[in-house]
Amino acid sequence: MNSPAAIETVRGWIAAAKRVVALTGAGISTDSGIPDFRGPQGVWTRNPAAEKLSDIRYYVADPEVRKASWQSRLDHPAWTAQPNAGHLALAALEKHGKLHALITQNIDGLHLRAGNSPGRVIEVHGNLHQAICLSCGWKGPMQKVLARVRAGEEDPPCTECRGILKSDTISFGQQLVPEVIARAMAAASEADLLLAVGTSLQVYPVSGAVPIAKDAGARIVIMNAQPTQFDEIADAVLNGAIGETLPLICV
Ligand code: NAD
């Protein structure tokens, strides 16, 4: 639980800030019904074998991993999820003119759905709503490929070159898009307050945004139910539920 005094203090900092940079992770979307990876109910916490589905090396090497991935994409909660109070609070922060950038590790597209503008949202790990060919680089709507899976293709190849298709997201073992991560780190260095929300801050290099902002003189606020490696350099750590706490500090 967060003390009312801690919430009031952070609220004051945000009111005074001019360039808030939010760094979000899977924890902001759990209230929308999308499980995180490493929280108590996380996909990997409950089933460590599921980590294979998120690793590009297994995905490319093993058709069985791809078939399992396509089946799990069919049922992904992102297709029906709605933005929750946490997403809406960050959209409000942008409306108030405070949000310099929103760096997200999430692939669910919910920040854009909540009303944050594409010019402010930096999706460092891509977006699940788009599919990509690993050979020729073709990109297209994920729902079109999922329709082929539903029609019986267990591992649908690219219609242009027969290459391997996957979601246009960054899997473990896969290179980030250099311009996108560079934009994220530049934004972090321009923040006067960095707000890390719902992320275990274990995924590099994006978690490096926290020390970059700190070194550039920003206040650091971490909002996460579990401890993170950067709690000790944070000016405030709020452990309460994001959906309750974020709307209180973003007004
Ligand atoms: P993570 O699973 O490593 O950490 C999420 C953290 O959020 C956990 O420490 C958990 O305790 C906390 N949390 C969960 N719900 C919370 C709540 N309601 N209130 C407060 N804290 C809460 O997630 P990560 O750091 O984002 O790293 C996982 C990687 O997998 C990222 O690349 C991420 O984008 C991806 N991923 C994305 C989604 C999505 O798009 N929604 C879902 C799962 C994983």
Just need the relative contact order of segment 21-72 here, percent rounded to a whole number, with Cα pairs under 8 Å and 6+ apart.
-> 16
Would you mind giving the average projected area, over all directions, of the Cα convex hull of the chain in nm² with one decimal?
-> 12.8
Quick one: angle between helix 63-74 and the longest Cα principal axis of the chain, in degrees between 0 and 90, rounded to 10, please.
-> 60
Counting only Cβ distances under 4.7 Å between cysteines, those in the chain with no partner are C250
Label model pair H96, N47: point-to-point distance (7 angstrom along the Cα→beta-carbon line) in nm is 4.0
List the relative contact order of segment 131-251 as a percent without decimals, with contacts defined as Cα pairs under 8 Å and 6+ residues apart.
-> 17
Considering lysine pairs in the chain that are 8 or more places apart or on different chains, how many have Cα atoms under 26 Å apart?
-> 14
Does anyone have the angle between helix 4-16 and the longest principal axis of the chain? Alpha-carbon axes, 0 to 90°, nearest 10?
-> 80
All alpha-carbon distances of segment 79-191, grouped into 5 Å bins from 0, give the whole-percent distribution 2, 11, 17, 19, 17, 14, 10, 6, 3, 1
Theoretical FRET efficiency, 1/(1+(r/R0)^6), r = Cβ-Cβ of R19 and Y204, R0 25 Å, to 0.05 | 0.55
Take every Cα pair under 8 Å in segment 64-183 that's 6+ residues apart, average their separations, divide by the length, and report that relative contact order as a whole percent.
-> 24
Surface per residue (accessible, 1.4 Å probe) for segment 26-175, Å² = 48
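The values are calculated or read from the model by the stated rules, or taken from the named source; none is laboratory data. As the structure is a computational prediction, the values presented were derived from the model and not from experiment. Neighbour counts are summed over all protein chains in view; Cβ atoms, including those assigned to glycine, are modelled from backbone coordinates with ideal geometry. Just so you know, the surface numbers come from the protein's heavy atoms only, side chains and all, with ligands and any DNA or RNA stripped out. Shrake-Rupley method; radii C 1.70, N 1.55, O 1.52, S 1.80 Å.
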